[in-house]
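I have placed the structure first, in the form of structure tokens, so that the comments after it can refer back to it.
Every number in this text was worked out from the coordinates using simple rules, so none of it is lab data. Predicted, not measured: the structure shown is a model, and the values here were computed from it. Quick reminder, even Gly has a Cβ in these numbers, built from the backbone with ideal geometry, and neighbours come from all protein chains shown.
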């Protein structure tokens, strides 16, 4: 059962949330400008996979457990905060000046690493799960299966997110040559590192709402 006005309201709300800059956007933009389209696309799919993970978790009831259990929330929260701080401090302490600091055979593993950076950024952020469990039910029609419909809404969020990231990657690609200069690479690494540290500290001090 689909309630069209409710669905349109959800799409409008989640579209605004999708284009609002955050750590996911910073990750994809930095990957696109510094590493190229393919790693950026993999990072975007990683972010989407993290969202799907939490969407499935909420549908299975794990989101409610996370919201109810302070211990579980705190454990995942600090793991996520530590991961973001580790990424951020590494970029701040050792920003790159060139893209070929290593050997060329490492390009494929680096591309796969982009996927896991995107995935872990969301999987280790319990606020995504809490957001889904508090946000999605508001748009589930009466008499609809809450678990199944919520997961469908999470999938729509993922589709919109991938579409937005595709636009960002396409828009950034023409600037790739300019932004791959040594000074630009170092600046992007430091800027992204600062964003990661900021969001890591914000996550570490967050509470269940």
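Summary table
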{"item": "Exposure proxy order (Cβ contacts within 10 Å, fewest to most) of 189, 24", "result": "189, 24"}
{"item": "Ordering of 162-169, 29-36 by burial proxy (mean other Cβ atoms within 10 Å per residue, highest first)", "result": "29-36, 162-169"}
{"item": "Extension gain, residue 163 back to residue 187 (0.36 nm per residue minus Cα-Cα distance, nm)", "result": "6.0 nm"}
{"item": "Pairwise label distance in nanometres, residue 198 with residue 17, each label 7 Å out on the Cα-Cβ vector", "result": "2.1"}
{"item": "Residues 37, 112 arranged by fewest to most Cβ contacts within 10 Å", "result": "112, 37"}
{"item": "Cα gyration tensor shape of the stretch 121-200, rounded if a/c is under 1.5, else prolate or oblate by comparing a/b with b/c", "result": "oblate"}
{"item": "Cβ crowding within 10 Å averaged over residues, with 3-11, 150-158, 84-92 ranked highest first", "result": "150-158, 84-92, 3-11"}
{"item": "Residues residue 71 and residue 116, FRET efficiency given R0 of 22 Å [Cβ-Cβ distance, rounded to 0.05]", "result": "0.25"}
{"item": "Length added when fully stretched, residue 37-residue 156, from 0.36 nm per residue minus Cα-Cα", "result": "40.5 nm"}
